[in-house]
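The values are calculated or read from the model by the stated rules, or taken from the named source; none is laboratory data. Bear in mind the structure is a predicted one, so any value in this text is a computation, not a measurement. With ideal geometry, Cβ positions are generated from the backbone for all residues, glycine too; neighbour counts draw on all protein chains shown.
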Amino acid sequence: MKHILRFFMAFCCIAFLQFCQKNIGGTQNPPVVPPPFKILDSAQMVSDMQQLSADSFKGRKSDYAEIALTHDLIQKRLRQAALDSFATGYFQNFTLLPNPTQHKNLIGFIKGTEKPNEYIVMGAHYDHVGVRTSDGNVYNGADDNASGVAAVLAAAKYFKANPPKHSIIFALWAAEEIGLQGSKYFTNNLPAGLTLAQIKFNLNLDMIARSDNNKIWGCGLYHYPAYAYLIDSLQGKTNVQLFSGFDSPSSPQNWTNLSDQGSFHAKGIPFLYLGVEDHADYHKVTDEFNKISLTKYVENANIAAQMMLLLDRKIN
């Protein structure tokens with residue numbers, strides 16, 4: 001009986017303490033509130049995508065004089081975000097022979113707070129295919145790839161205000177449409193002081209605005225399965241369905257080397273390519289801003305931003 005009485009008294013004491021903590025301001029830990037999913041500046045992203053896909057930009061073809069409009073917009077955003085630059089400023093100039101036209105990658109970075117010598121590269125190509133000579137129609141490339149550029153610029157703004165542990169390079173590539181030339185030049189001619197061993201990952205965004213079937217794909221896990229958490233951790237948190245695939249010999253298409261992530265893969269640097277499946281307006285004059293579902297675009301851009309947060313948290 002004494003044992004039962006002691007047990008009952010102990011139970012009552014514990015219950016009373018729990019009641020006090022809950023109702024009289026005790027030391028009980030507050031509930032964990034999940035971080036917001038949508039962290040990017042949607043207004044800036046939509047405005048940038050609309051500008052980049054305007055007729056005045058003449059389809060952002062690399063060797064057009066109007067490509068300077070694209071350079072100016074990107075440089076303005078990098079400056080507004082107060083990104084650091086390498087020794088040559090935000091521009092990395094290169095020439096493709098036999099055509100003497102000069103091309104320009106635009107690159108800025110944020111120094112990491114804990115691992116400043118380890119870099120994640122987030123990139124997107126800004127060039128498109130220009131104007132059709134037969135009738136003067138402009139290929140504006142809203143999805144391909146004004147969408148990716150605007151998302152990278154918004155991510156640069158966010159991470160500058162919320163400093164990452166690792167250093168992040170934000171790169172806007174030239175001349176992707178003629179053979180991934182901008183990203184190839186970068187990986188073969190790194191800025192002074194940067195080595196391939198310091199680059200831990202490449203997240204490439206190419207065509208992220210047209211989830212017409214409510215799907216977006218992460219390509220690369222077939223080659224680098226250790227990064228499956230980039231897809232798995234976001235399941236159930238997105239309105240657009242996030243899948244992995246299009247990266248193996250058995251895939252209906254293999255995207256491994258079809259965009260700028262291929263330049264990093266060639267150097268053995270892990271990657272994930274985030275993009276939608278080809279749609280009816282791919283490389284057509286109809287790839288216009290008015291075809292974009294802005295709700296899905298903002299969702300997809302924030303998927304990319306959440307992947308960057310995961311990479312910064314998990315990469316050793």
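For this structure, a couple of remarks:
- Some residue of the range 289-305 being within 12 Å of the chain's Cα centre (by Cα), within 13 Å of Asn204 (Cβ to Cβ) and crowded, with 19+ Cβ neighbours inside 10 Å: yes
- Just one of the listed residues (Leu172, Leu180, Leu194) is under 13 Å from Asp206 (Cα atoms), in contact (Cβ under 8 Å) with a residue 60 or more places away in the chain and surrounded by fewer than 24 Cβ atoms within 10 Å (Cβ to Cβ), namely Leu180.
- So Ile231, is it closer than 21 Å to Ile110 by Cβ, within 16 Å of the chain's Cα centre (by Cα) and β-branched (Val, Ile, Thr): no
- Residues that are out of contact with any Lys or Arg (no Cβ under 7 Å at 6 or more places or on another chain), outside any strand (DSSP E or B), closer than 14 Å to Leu274 by Cβ and of a type outside the set (Phe, Trp, Tyr), drawn from the range 211-232: Gly220, Leu221, Leu230, Ile231
- Which numbered condition Arg313 fails, given (1) in contact (Cβ under 8 Å) with a residue 60 or more places away in the chain; (2) outside any helix (DSSP H, G or I); (3) not aromatic (Phe, Trp, Tyr): (2)
- Residue match in the range 153-167 (condition: farther than 23 Å from Arg313 by Cα and touching a strand residue (DSSP E or B) at 6+ places or on another chain (Cβ under 7 Å)): no
- Applying a threshold of 6 Å to beta carbon distances and a minimum spacing of six or more residues, or different chains, the list of pairs starting in the range 65-88 at a residue that is in contact (Cβ under 8 Å) with a residue 12 or more places away in the chain and ending at one that is surrounded by fewer than 13 Cβ atoms within 10 Å (Cβ to Cβ) reads Ala87/Ala192.
- Test result for Pro31, modelled with pLDDT under 95, out of contact with any Pro (no Cβ under 7 Å at 6 or more places or on another chain), under 30 Å from Thr238 (Cα atoms) and in a loop (DSSP other than H, G, I, E, B): yes
- Selection from the range 110-137 of residues that are among the basic types (Lys, Arg) and not in a loop (DSSP other than H, G, I, E, B): Lys115
- Test: residue in the range 238-248 that is under 27 Å from Asn189 (Cα atoms), part of a strand (DSSP E or B) and at pLDDT 95 or above: no
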